[in-house]
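For reference, the structure discussed in these notes is given below.
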Amino acid sequence: MRILIAVNCAADIDEILQFSKQFLRCTSEPPVLLQVLDPSKDRPPCQNDAVLQKAVELFETHCLQTKVRLGKLAEEILAEVREGDFGLVILGGRPPRILGRVFGKPVGQQVIEGAGCSVMIVRGRTGPVRKILLCDSGAQGSGLLERFTSQVTGFLDGQEKVTVLHVMSQISAGPGVVGKQLRADANDLIVEHTPEGELLERDVQSLQKSGIQPSVKVRHGLVVEEILAEARSGDYDLVVIGSHHSKWQHFLLDDLARQIIANVDRPVWVVK
């Protein structure tokens, strides 16, 4: 998997490079370090040599491709993605301010919507990835787990704890879902062979085939609120969600994904 690491002068470059390092072992190809300069704000070379030297020292390799593009950050990242065969884009992204939400989309959201590959937003508390929260919507044909396992081959070393989270929202519950199920935990749902329990059981079996021994968890309430609450209370290092591009139901899920990305206070991986 080819990885593109995108930085600009205003980004938290140290944080992005440090967090990116642990993902490089899942690819045999050298990463591409893209620095985007805004001609209206930045004065080239904008410490380009210093950034390159820092990346070489941190990644402990000289097999590092570097590129500099002039223009708007999101536009130039997407242009680079179109020109290269990338499987993952890593970039920084602070939660958007109120003005940003009113007058334009955050850079991370633009890249996620425009890139044909997975995108990782580095923000908040960063460090070694040891606890992963995998949020499975349960949408038919979403394929999140299959895409996740195929992309993390070589990254997981067996020491990580992966938790599969499913949120049962009364708003989206089907007519056959009884009140007891809306209060049940993951084990109860699996034992009773409810639709949600069967989903969780399939998730466990799918991950186990890839050598991952996950735990499963169910929360009850509004989807975005419960995912954000679990991410904080569970002290996870990385939140993984999926992205979809078809049908009205998938559009709704994408809207939920945008809310999660905008509000989560730690790194988030949007798997495509």
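Bear in mind these aren't lab numbers, they're just calculated from the coordinates by the rules spelled out. Note that the structure is a prediction, hence the values are computed from the model and not measured.
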- Query: Roughly speaking, what is the stretch gain from Arg125 to Gln22, that is 0.36 nm per residue apart minus the C-alpha to C-alpha distance, in nm to one decimal?
  - Reply: 35.6 nm
- Query: Lys131's amide H: which non-local residues (gap 5+, or another chain) put their own amide H closer than 5 Å, with H modeled 1.01 Å from N in plane and none for Pro or chain starts?
  - Reply: Lys161, Asp237, Leu238
